[in-house]
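Take a look at the structure below.
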Amino acid sequence: MQLADKYSPENLEQKWYDFWIENNLFHSEPDEREPYTIVIPPPNVTGMLHMGHMLNNTLQDVLVRRARMQGKNACWVPGTDHASIATEAKVVAKLKAEGIDKSTLTREEFLAHAWEWKEKHGGIILQQLRKLGASCDWERTCFTMDEARTAGVIKVFVDLFRKGRIYRGVRMVNWDPSALTALSDEEVIYKESQGKLYYLRYMIEGSDKYIVVATTRPETILGDTALCVNPNDERYKWLPEDARVIVPLVGRSIPIIRDEYVDLEFGTGALKVTPAHDVNDYMLGEKYGLESIDIFNDNGTINDKVGLYVGVERFECRRIIEGDLTAAGLMERVEPYTNNVGYSERTGVAIEPKLSMQWFLSMEELAKPATKAVLEDIIKFVPAKYKNTYRHWMENIKDWCISRQLWWGQRIPAYYLPKGGYVVAETAEEALALAREKDASLTMADLRQDEDVLDTWFSSWLWPISVFDGLRYPDNDEIKYYYPTNDLITGPDIIFFWVARMIMAGYEYRNEKPFGNVYFTGIVRDKLGRKMSKQLGNSPDPLDLIAKYGADGMRVAMLMSTSAGNDVMFDEGLCEQGRNFCNKIWNAYRLVNMWSVDETLPQSDACREAIEWFDEVMTERIARIDDEMRQYRISDAFMELYRLFWDDFSGWYLEIIKPAYQAPADAKTIARTKYYFDQLLRLLHPFMPFVTEEIWQDLKPEKSCISIVVAQQPKSERKANEQILARFAVAQEVVSSIRNIRKQKNIAQKESITLNYIADDNYPLEYEAVIAKMGNISSITATTEKDATAAAFMVKTTQYFVPMEGKIDKEAELEKLHADLEYLEGFLASVMKKLSNERFVSSAPEKVVANERAKQADAEAKIAAIKEQIKALA
RNA sequence: GGGAGCAUAGCUCAGCUGGUUCAGAGCAUCUGCCUUACAAGCAGAGGGUCAGGGGUUCGAAUCCCUUUGCUCCCACCA
């Protein structure tokens with residue numbers, strides 16, 4: 001077969017992906033084999049593939065493909081997340097662009113638009129994953145809002161409600177005035193923001209004195225219902241016990257309360273209390289029975305409760321009120337101020353703390369087994385440092401606000417009764433039955449279902465169970481077989497949103513961990529260390545990169561730059577390196593493929609030696625790669641393979657066995673070489689699926705096996721022979737020294753040379769044939785004579801001479817020898833210093849001391865040899 | 001404010017149980033090669049006070065303390 005001299009992934013990747021799908025190689029059904037399961041972190045249904053997905057899914061695919069090749073029943077379940085708030089925002093924006101306002105639509109009409117949007121844009125991301133080579137079981141594709149998943153969610157809600165874990169109540173929540181919904185604490189991002197600190201005058205009722213209060217939010221004075229000072233504050237001791245102040249502009253009279261909550265150091269030591277719009281003020285309000293005045297509409301404009309600034313947007317109001325306060329002489333001063341402001345994770349607008357009626361899930365009990373599982377390594381975190389983060393959050397866990405004032409999502413299965421009260425049930429029929437227990441006259445028309453939907457994460461947290469329909473059918477064969485899953489690959493940014501909650505759900509609904517290991521990836525950054533973002537425009541389109549460098553090249557780029565938990569500094573150069581590696585593999589195959597085989601040709605010594613050595617290399621590296629993979633040191637494992645293929649196999653092994661131009665190779669060597677190639681391809685396949693399949697199919701090492709996808713990984717079943725490896729390393733060093741001499745003396749590789757050496761019993765010269773081949777040496781001879789006219793070098797304690805026929809520069813040679821001598825004497829001195837230290841010899845382990853003695857002997861031998869060489873030259 | 005982590009070659013990082021894998025890899029750089037698999041290649045070279053200081057130890061990149069600089073998470077005093 002004629003192969004192009006450049007590897008071109010374009011057509012071939014699609015060809016093999018189709019081949020894998022046609023042959024159903026990624027599909028899994030429960031059987032007698034050991035299962036290996038990964039559930040994908042479901043991307044947003046309308047999302048687009050970005051670099052983070054590439055990293056995450058490359059890693060998952062490596063693990064899944066490897067497990068599959070280790071004889072496990074590998075199952076990677078793909079799917080998407082309905083992403084309640086993000087998707088709804090997109091649909092609202094799209095409708096707006098078409099001139100349709102969401103508020104003019106009924107719930108049903110809106111949902112029809114949303115589903116239409118989902119059908120059109122949904123799942124594109126899953127198509128994109130195929131380009132990467134992801135070996136997902138596509139038949140199992142799930143959606144967090146499909147029928148089975150929704151049924152599971154509703155069942156869980158009802159169950160938790162009946163267990164008393166879900167409750168409804170008015171609480172201070174994070175309100176998103178843009179999405180018009182409550183958010184959980186985790187969906188609020190705090191950022192430092194430049195603002196102002198306003199010092200306002202609150203006139204004391206019936207007096208011309210006033211108290212100055214510092215606030216960052218002057219517009220909230222509309223909702224002030226008290227002023228608070230610290231009881232220990234000397235500055236306010238003069239205030240009468242029952243003093244009251246007048247809220248500026250508003251004119252409302254409010255009490256002064258005294259509480260140690262107020263920080264004496266901050267501002268003026270006086271705090272305005274707005275129970276409806278600040279979490280801490282809310283607690284003060286509860287404590288002192290203060291009135292709570294909600295001054296905002298849901299969209300963040302001022303409502304008509306107070307009668308001022310009605311309909312004005314909150315930030316606009318702040319600007320206006322600053323002027324009005326100043327005009328009224330109630331503004332003491334304004335200072336620039338930096339403070340932390342919470343923003344909505346999804347819409348980016350400033351969060352408004354707001355009192356509202358929401359559904360909550362009580363977390364304390366759920367957290368207990370989940371905390372234990374991670375702390376005791378029943379679930380292993382990689383890297384382990386995230387255990388601390390997890391523990392801290394779990395031990396201070398707060399109740400989860402699970403209701404959202406949205407339409408896109410699972411509607412809360414609570415039904416309100418006409419005369420107050422409500423029932424919770426999986427279906428309207430069951431709800432009616434329950435309602436009738438309270439009032440037999442009720443009909444379906446009397447029930448009004450809660451308008452809210454559930455937080456997206458309330459479906460995602462069930463994902464490892466729900467993808468196997470283990471909530472509706474807890475005893476089904478699939479869940480029993482695939483659960484718990486093995487590895488979860490995700491980012492640390494969703495450790496609370498998702499990971500922790502899945503663990504809680506796992507214990508609550510399966511009484512078992514949802515996964516055995518969690519591998520946390522880092523964030524993909526650009527090479528300057530900046531987070532990739534649309535705004536910065538520093539995020540390359542992964543599909544463009546795949547088109548340019550091939551999926552394998554892209555995967556290599558991700559693999560080379562990632563270690564668990566560390567951010568990835570992405571550089572397009574890495575893709576290039578990945579592509580080059582594909583090309584290297586490709587060309588190595590071209591080489592092996594082009595040799596003709598002569599069945600009668602005996603195996604040369606060089607070939608025999610190379611095979612003896614490479615057997616040990618493979619044995620050793622396979623063990624090392626296994627070990628690294630076991631520790632999830634995926635990047636290191638890959639790098640090990642990269643060097644094995646490039647340096648050891650291509651750079652040494654193939655060069656040694658390579659026949660002269662157009663000369664045939666012996667059958668034995670070729671067979672072994674193809675065997676190595678097969679083994680290497682299998683090792684590489686999980687990392688680089690396409691190029692390995694392309695070559696493997698041509699190599700056809702195993703006729704009965706349809707694809708490398710389902711071929712088995714090589715195993716390391718014995719210990720590598722260290723002696724062979726060490727002795728070959730000596731030979732390599734000899735070759736390398738010869739290359740140096742060639743370079744120094746300007747002797748071309750084509751020009752053959754001779755080599756003499758002084759035999760050394762400690763290090764007998766081995767792999768002579770390899771040295772001869774690689775060094776292009778016509779004869780290697782043992783002598784006892786030093787050769788002053790030769791270029792000399794030393795490996796271990798053996799001296800080598802390359803005869804130069806007088807081309808030697810004596811002075812330069814001597815200079816070099818003296819430099820070596822000086823170095824060795826210094827080295828020996830440091831060794832001797834250690835060995836003459838009584839305490840070192842007595843307290844260091846025997847092995848270490850013995851090693852120092854060996855170093856001493858070596859150095860002494862070398863020094864003696866160099867001194868003789870100097871004598872011979874002089 | 002609380003917690004975690006990081007600092008090793010120009011860049012990205014290994015270095016796991018203190019001691020021959022101890023100062024390493026890949027990339028980049030420089031030099032020489034268009035050598036019949038691959039210039040997307042080959043061969044070679046340079047480059048580091050292991051952030052600073054102190055301690056423990058026979059011995060420290062590695063353990064402890066400290067200073068400095070950076071990152072992340074949590075909390076959210078208006």
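The values are calculated or read from the model by the stated rules, or taken from the named source; none is laboratory data. Keep in mind it's a predicted model, so treat the numbers as computed, not measured. Counting neighbours? That spans all protein chains shown, and the Cβs are built from the backbone with ideal geometry, glycine included.
Assorted remarks:
- Region A:25-43: number of residues that are surrounded by fewer than 22 Cβ atoms within 10 Å (Cβ to Cβ) and within 30 Å of A:K584 (Cα to Cα): 1
- Applying the criterion of at least 3 residues that are within 11 Å of RNA strand B (Cβ to nearest atom) and surrounded by fewer than 16 Cβ atoms within 10 Å (Cβ to Cβ) to the strands (runs of 3 or more DSSP E) found wholly in region A:771-874 leaves an empty list.
- Residues located in region A:294-322, provided they are within 16 Å of RNA strand B (Cβ to nearest atom), surrounded by 16 or more Cβ atoms within 10 Å (Cβ to Cβ) and not acidic (D, E): A:I295, A:F296, A:R314, A:C317, A:R318, A:I321
- Of the residues A:G522, A:G550, A:G537, A:G529, the single one that is outside any helix (DSSP H, G or I) and touching a Ser or Thr at 6+ places or on another chain (Cβ under 9 Å) is A:G522.
- Elements of type helices (runs of 4 or more DSSP H) contained in region A:568-663, each with 1 or more residues being more than 8 Å from RNA strand B (Cβ to nearest atom) and in contact with an Asp or Glu (Cβ under 6 Å, 6 or more places away or on another chain): A:605-630, A:634-643
- Which listed residue is exposed (fewer than 15 other Cβ atoms within 10 Å of the Cβ), charged (D, E, K, R) and touching a Phe, Trp or Tyr at 6+ places or on another chain (Cβ under 9 Å), from A:D698, A:D678: A:D698
- Of the criteria (1) surrounded by 12 or more Cβ atoms within 10 Å (Cβ to Cβ); (2) touching a residue at least 24 places away in the same chain (Cβ under 8 Å); (3) within 36 Å of the chain's Cα centre (by Cα), which one A:R718 fails: (1)
- Residue that is within 14 Å of RNA strand B (Cβ to nearest atom) and within 30 Å of A:L462 (Cα to Cα), where the choices are A:E352, A:E364: A:E352
- The listed residues are A:K527, A:K534, and the only one of them that is near RNA strand B (Cβ under 9 Å from one of its atoms) and surrounded by fewer than 23 Cβ atoms within 10 Å (Cβ to Cβ) turns out to be A:K527.
- Matching residues in region A:258-282 - criterion: being buried (at least 20 other Cβ atoms within 10 Å of the Cβ), more than 7 Å from RNA strand B (Cβ to nearest atom) and within 10 Å of A:A226 (Cβ to Cβ): A:V273, A:T274, A:P275, A:D281
- Residue match in region A:86-107 (condition: under 23 Å from A:I634 (Cβ atoms), surrounded by fewer than 19 Cβ atoms within 10 Å (Cβ to Cβ) and either of a type in the set (A, V, I, L, M, F, W, C) or touching a residue at least 24 places away in the same chain (Cβ under 8 Å) (or both)): no
- Boolean, A:I40 is of a type in the set (V, I, T) and modelled with pLDDT of 95 or more: yes
Here is a yes/no grid of residues against (1) of a type in the set (A, V, I, L, M, F, W, C); (2) touching a His at 6+ places or on another chain (Cβ under 7 Å); (3) at pLDDT 95 or above:
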site	(1), (2), (3)
A:L63	yes, no, yes
A:R66	no, no, yes
A:A74	yes, no, yes
A:P78	no, no, yes
A:A86	yes, no, no
A:V92	yes, no, no
A:S103	no, no, no
A:E108	no, no, yes
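- Cβ-Cβ contacts under 9 Å between residues 6 or more apart (or on different chains), taken from a first residue in region A:233-245 that is outside any loop (DSSP other than H, G, I, E, B) to a second residue that is of a type in the set (K, R), are listed as A:Y236/A:R258.
- Restricting attention to region A:437-459, the residues that are out of contact with any strand residue (DSSP E or B) (no Cβ under 6 Å at 6 or more places or on another chain), outside any loop (DSSP other than H, G, I, E, B) and surrounded by 14 or more Cβ atoms within 10 Å (Cβ to Cβ) add up to 5.
- Under the condition of being touching a strand residue (DSSP E or B) at 6+ places or on another chain (Cβ under 8 Å) and among the small types (G, A, S), the residues counted in region A:756-771 number 1.
Let's see how each residue does on (1) surrounded by fewer than 16 Cβ atoms within 10 Å (Cβ to Cβ); (2) closer than 22 Å to A:Y676 by Cα; (3) under 29 Å from the mean Cα position of the chain (by Cα):
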{"site": "A:T562", "(1), (2), (3)": "no, no, yes"}
{"site": "A:C582", "(1), (2), (3)": "no, yes, yes"}
{"site": "A:Y589", "(1), (2), (3)": "no, yes, no"}
{"site": "A:W595", "(1), (2), (3)": "no, yes, no"}
{"site": "A:P602", "(1), (2), (3)": "yes, yes, no"}
{"site": "A:I611", "(1), (2), (3)": "no, yes, no"}
{"site": "A:D626", "(1), (2), (3)": "no, yes, yes"}
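- Breaking point among (1) in contact (Cβ under 8 Å) with a residue 12 or more places away in the chain; (2) farther than 20 Å from A:R608 by Cβ, for A:I747: (1)
- Taken over region A:331-346, residues that are crowded, with 18+ Cβ neighbours inside 10 Å and among the polar types (S, T, N, Q) amount to 1.
- Any hit, region A:154-171, residues being within 16 Å of RNA strand B (Cβ to nearest atom), of a type outside the set (V, I, T), more than 26 Å from A:G506 (Cα to Cα) and surrounded by 16 or more Cβ atoms within 10 Å (Cβ to Cβ): yes
- Condition check for A:T562 on (1) more than 30 Å from A:V730 (Cα to Cα); (2) away from RNA strand B (no atom under 14 Å from the Cβ); (3) in a loop (DSSP other than H, G, I, E, B): one failure, at (2).
- Scanning region A:210-239 for residues that are within 24 Å of A:S193 (Cα to Cα) and more than 13 Å from RNA strand B (Cβ to nearest atom) returns a single hit, A:L222.
- Any hit, region A:477-488, residues being in contact with an Asp or Glu (Cβ under 8 Å, 6 or more places away or on another chain), part of a helix (DSSP H, G or I) and under 16 Å from A:A370 (Cβ atoms): no
- Just one of the listed residues (A:E139, A:E205, A:E187) is surrounded by fewer than 19 Cβ atoms within 10 Å (Cβ to Cβ) and touching a Ser or Thr at 6+ places or on another chain (Cβ under 7 Å), namely A:E205.
- Under the condition of being in a loop (DSSP other than H, G, I, E, B), within 16 Å of RNA strand B (Cβ to nearest atom) and free of Cβ contacts under 8 Å to residues at least 60 places away in the same chain, the residues counted in region A:374-408 number 5.
- A:L271, sole failed condition from (1) in a loop (DSSP other than H, G, I, E, B); (2) touching a strand residue (DSSP E or B) at 6+ places or on another chain (Cβ under 6 Å): (1)
- For region A:684-697, the condition holds for no residue, the condition being that it is farther than 23 Å from A:Y17 by Cβ and outside any loop (DSSP other than H, G, I, E, B).
- A single member of A:V334, A:V341 is within 15 Å of RNA strand B (Cβ to nearest atom), farther than 22 Å from A:E186 by Cα and touching a residue at least 60 places away in the same chain (Cβ under 8 Å), and it is A:V334.
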